[in-house]
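Working notes for the structure below.
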Amino acid sequence: MEEKRCQNCKYFFAYYIKSMRGYFHKMPTDGHCICMELSSALKKKHISKCLACEYWKPVELQIEERKNIAGKYIERIAEYLSDVSIILSDDSGRVHLPVYNGEDTFK
């Protein structure tokens with residue numbers, strides 16, 4: 001079983017750096033806590049000592065929540081695109097996109 005630490009908690013948001021090649025790398029100990037139950041002083045204390053607090057929850061819960069949220073946004077985007085397709089289509093169902101002529105039409 002993995003040791004309980006701030007760095008593997010649902011409420012810990014890690015900091016990342018971008019390499020010269022454009023890849024993102026997680027900083028092993030740097031980040032911040034978003035648990036609303038803890039004061040700023042306690043958050044800093046626990047993170048600096050790599051100790052879990054009484055509100056610790058597995059990081060897998062954070063990952064699952066983010067996936068669910070992303071899935072909901074993707075579904076909403078798909079609905080919007082479907083609506084746009086209907087608006088832009090003619091009676092035969094073909095989509096006719098407006099042609100951009102380089103002029104700003106939103107004056």
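The values are calculated or read from the model by the stated rules, or taken from the named source; none is laboratory data. From a predicted model like this one, the values you see are computed outputs, not experimental measurements. A quick note on method: Cβ atoms are made from the backbone with ideal geometry, for glycine too, and the neighbour counts reach across all protein chains shown. We work out accessible area using only protein heavy atoms, side chains counted, and drop any ligands, DNA or RNA first. Shrake-Rupley method; radii C 1.70, N 1.55, O 1.52, S 1.80 Å.
Count, please, the residues in the stretch 1-38 that happen to be in a loop (DSSP other than H, G, I, E, B) and of a type in the set (Lys, Arg). Matching residues across the stretch 1-38 total 4. Filtering Lys18, Lys4, Lys26 for residues that are in contact (Cβ under 8 Å) with a residue 12 or more places away in the chain, open to solvent by 90 Å² or more (accessible area, probe 1.4 Å) and touching a strand residue (DSSP E or B) at 6+ places or on another chain (Cβ under 7 Å) leaves a single hit, Lys26. Hey, could you check the stretch 34-78 for residues that are under 14 Å from Phe13 (Cα atoms) and basic (Lys, Arg) and say which is most open to solvent (accessible area, probe 1.4 Å)? Only one residue tops the list, namely Lys44.
The one condition from (1) modelled with pLDDT of 90 or more; (2) exposed (fewer than 10 other Cβ atoms within 10 Å of the Cβ) that Gly93 does not meet is (1).
Just one residue in the set Pro58, Pro28 is modelled with pLDDT under 85 and under 24 Å from the mean Cα position of the chain (by Cα); that residue is Pro28.
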